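What follows is calculated from the coordinates using simple rules that are stated; it is not laboratory data. Keep in mind it's a predicted model, so treat the numbers as computed, not measured. Cβ coordinates were reconstructed from backbone atoms using ideal geometry, including for glycine residues, and neighbour counts include every protein chain displayed.
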Ligand SMILES: Nc1ncnc2c1ncn2[C@@H]1O[C@H](COP(=O)(O)OP(=O)(O)OP(=O)(O)O)[C@@H](O)[C@H]1O
Ligand SMILES: [Mg+2]
């Protein structure tokens, strides 16, 4: 094959370098503008240390790969299918969206969009329905990231005729053959995901990165709350901040706690109570009134009435 | 006789890389691409069969290539074309179409002359391939 009809992997400005040539990695790093992405990530997402570390590793891998290609060191582009495991509200969906953007900035995927699906989008209702449905989704995701939330629902061992299996087989094939065209990210709870992989070893072996999302600590949840507040142009009074901190302590020990999502929901309700309070007081209000969440807006939550685990009467 | 219909049909057949670039151009313009096939090469045959649905949500040509690969497997000797549809108000029409697969042998067309009263002659063309029933033409 002559250089001319080789698929366009290397760009015109990238001539093969001599074996003893030197490449300035700092410059490569600088040019990729990936630092901006890291900074943004640190700013927008509280905690998530293991996740951020892995993202940096992937970025390093792709940059080094890029330089290797300049020396004409052949290697397949690395597989970047991933699996995100973690409890509800630990940021899996949020990170998946970022991942699409990051991989696009690193030139790994061509478009950088995220197509987010669950079983219902992939699996059909009758014979012959599943394959076109799954393929339709895959086609839409080409050039970007396909995010499959709660992927284990694809596999229903109790029903051996389940159409989910058909979808799994198509996905496996695409993950293998179209590695240059899309990145697949599976997400779900750790134990169920592990069981899913046990029954579908093909999936596990095609996934290069298993990333676990830890639960947030109380102080992290506080920062997340603060961040969400600022984004919406609200802020806590000092008393309210104290109350919010107590709120988190209590909420964490109650059932159906969903990490950052519970925080977001709590904030929505606080805004509701603030609005009600302002409205009922009537009269004139200031900008500062509109911005400030007071302790009462927090303490009116029923989280403060309900007993928590370990307290008498739980 | 190699038939020429649609964009670029006077050029040598497009390679897959070239098809991808052309599809990318369509997608960047916001047009929805779709695949159509036929084994009736008559130039007035405008209604080809659709292969699957028009791809309205596609972002990247790889999606179309996946279907094209399947379509070529199913109809290796048919004509297959990509059509790009512009749904913008008042366009609402195909903006571009080009052939992406053709039969290995194209026997061409017979020219028929029908002599009429006076010295009038009506001309019509008829493809040799369509002497055979649908599905057995190439
Ligand atoms: N580290 C974080 N910093 C700031 N906000 C966060 C962080 N993690 C999650 N959030 C916010 O919490 C909410 C829930 O996150 P997300 O939807 O990503 O969780 P999830 O892990 O996908 O949950 P589920 O398993 O229930 O689908 C979102 O609004 C997101 O913006
Ligand atoms: Mg989610």
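Things worth noting here:
- When shorter helices are ignored and each DSSP H run of at least 4 residues is given -39500 (n - 2.57), the per-residue value for chain A at 222 nm works out to -16000 deg cm²/dmol.
- Residue B:46-residue A:231 pseudo-label distance in nm [points 7 Å out on the Cα-to-Cβ vector]: 5.1
- Shown for A:83, B:71, B:26: other C-beta atoms within 10 Å of each C-beta, ranked fewest to most, produce the order B:71, B:26, A:83.
- Residue of B:91, B:31, B:48 that the Gaussian network model of chain B assigns the largest fluctuation, springs spanning Cα pairs under 10 Å: B:91
- Region B:16-106 shape via C-alpha gyration tensor axes, a/c threshold 1.5: oblate
- Of all DSSP beta bridges in the protein assembly as shown, antiparallel share, percent nearest 5: 55
- Virtual spin-label span in nm between residue A:180 and residue A:36, 7 Å along Cα→Cβ: 2.7
- GNM top mover of B:123, B:51, B:25 - chain B, alpha-carbon springs below 10 Å: B:123
- Ordering A:79, B:88 by the number of other Cβ atoms within 10 Å of each residue's own Cβ, fewest first, gives B:88, A:79.
- Efficiency of FRET from Cβ geometry, residue A:94 and residue B:13, R₀ 56 Å, rounded to 0.05: 0.75
- Per-residue mean of C-beta atoms belonging to partner chains within 10 Å, peptide B:52-63: 6
- Prolate/oblate/rounded call for the protein assembly as shown, Cα gyration tensor, a/c under 1.5 rounded: prolate
- Computed over chain B with a Gaussian network model linking Cα atoms closer than 10 Å, the most mobile of B:81, B:122, B:102 is B:122.
- For chain B, the longest principal axis of the C-alpha atoms and the axis of helix B:61-74 are separated by about 40°.
- Rounded tilt (10° steps) of A:49-70 against the dominant C-alpha axis of chain A: 20
- Gain on full stretching of the segment that runs from residue A:198 to residue A:169 - 0.36 nm per residue minus C-alpha separation: 8.9 nm
- Residues listed by number, region A:53-86, amide nitrogen under 19 Å from residue A:17 label point at 7 Å toward C-beta: A:59-78
- Taking the longest Cα principal axis of chain A as reference, the axis of helix A:238-252 is set at about 70 degrees.
- For region A:239-314 and region B:37-91, distance of Cα centres in Å: 56
- Working from label points 7 Å from Cα in the Cα-to-Cβ sense, the residue B:1 to residue B:115 distance is 2.2 nm.
- Averaging Cα coordinates gives a centre for region A:34-85 and one for region A:122-181; these two points are 26 Å apart.
- Arranged from fewest to most other beta-carbon atoms within 10 Å of their beta carbon, A:23, A:303 become A:23, A:303.
- The calculated FRET efficiency for residue A:205 paired with residue A:131, based on their beta-carbon distance and R0 = 30 Å, is about 0.85.
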